[in-house]
Structure formats: C-alpha cells, structure tokens
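Scroll down for the structure; my scribbles are underneath it.
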Amino acid sequence: MNFSPAPTLRSMRPVVQAVFRLLTGFLFACHGAASLFGVLGGAHGGGTVPALQWPGWWAAVIELAGGTLVALGLFTRTAALLCSGSMAYAYFSVHQSHALFPIDNGGEPAVMFCWAFLLIACFGPGTYALGTLLKGGRTLTAGEGAAPVPTS
C-alpha cells in the first residue's frame, strides 16, 4: 500500500493559499490600524503615530492599505511587493543596527512579514481572491505570468 499525502495536499492548495493570504494581510492591516487610529493597543503599546511623520505614519498607511488589499485579493502582487519592501526597510533601518540576528534585535515580525508578502507577490492571489472573482473566476496559467506548479 503506497500512501502519499501529495494528492490531498495539492487539492487543498487553493484554500490554504487563500487563508494564508487573508490572514497575512489581515494581521498586517491590524498593525496599520493600531498605529493610525490607536485601536488594538495603539502604536507600540499606546497612542498613534503623528500624521505625515517619516517613516512611521507612511509605514502605517502601507500596512493598513496594503494589508487590506492583500487580504481581499485586489491588486495583490503590487500591494504584496510594496508591503514586503516596507518590511525589508523596517528591518534594516530599525532592527538590524541593534544586533545581527532577528532573534536578538526584535526584527522577527518584520522578517516574517517581508518574506510572507514576497511569497504572496510571487504566487499571486490564488483562486479565492476578489480580484480573481472580478475577472470571472479565471486564474493565470503558466504562459500568462504565473509560475508553473510542480506536479509531484
């Protein structure tokens, strides 16, 4: 008897991709809402960031808008790439100067969000995204800009 989880996992891919995109975008948007509106504990434990302050306020706008777009699956690749870049900037401008490794400098969330959004930008929004539904439920094929999916 040959049991391989590959077929089951492959069939779950669209749902798992959608949940990953939705949760990553939602959690990122919560950071932006906290910084801009003082909700969910506020910015860094309380309050808001001053309007138009560089880079805090602009980062919060990217977090809220970009996270929301990614969660919904609208303009996903562009929004995810912008979110990824903002987290790379945050890591190298805020965290990296304190210590070499993220575990030592408090930059783990920035690193994880950076790579999660880069993954979303590369793989796209998936089947269950608002942008895909607005296009008539059609997803990109390998010849139209999407990376080919391995079969094994």
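Within region 14-27, residues that are at negative phi reach partners that are of a type outside the set (Val, Ile, Thr) and open to solvent by 80 Å² or more (accessible area, probe 1.4 Å) with beta carbons closer than 8 Å, at six or more positions or on different chains, in the pairs Pro14/Tyr128; Val15/Tyr128; Gln17/Phe123; Gln17/Tyr128; Ala18/Tyr128; Gly25/Leu72. Among the candidates Ala29, Ala51, Ala34, Ala43, the residue that is aliphatic (A, V, I, L, M), touching a helix residue (DSSP H, G or I) at 6+ places or on another chain (Cβ under 9 Å), within 19 Å of Ala90 (Cα to Cα) and surrounded by fewer than 13 Cβ atoms within 10 Å (Cβ to Cβ) is uniquely Ala51. A search for C-beta distances below 7 Å between a residue of region 41-63 that is touching a residue at least 24 places away in the same chain (Cβ under 8 Å) and any residue that is of a type outside the set (Ser, Thr, Tyr) and not in a helix (DSSP H, G or I), counting only pairs 6+ apart in sequence or on different chains, returns Ala60/Val49. Among the residues of region 62-95, those that are closer than 13 Å to Arg21 by Cβ, open to solvent by 40 Å² or more (accessible area, probe 1.4 Å) and not hydrophobic (A, V, I, L, M, F, W, C) comprise Thr68, Arg77.
For region 96-105, the candidate set comprises residues that are surrounded by 13 or more Cβ atoms within 10 Å (Cβ to Cβ) and at pLDDT 90 or above; within that set, the residue that is farthest from the chain's Cα centre (by Cα) is Asn105.
The values are calculated or read from the model by the stated rules, or taken from the named source; none is laboratory data. Quick caveat: nothing in here was measured; it's all calculated off a predicted structure. No Cβ is skipped: glycine too gets one built from the backbone with ideal geometry, and neighbour counts run over all protein chains shown. Surface accessibility is based on the protein's heavy atoms, side chains included, excluding ligands, DNA and RNA. Shrake-Rupley method; radii C 1.70, N 1.55, O 1.52, S 1.80 Å.
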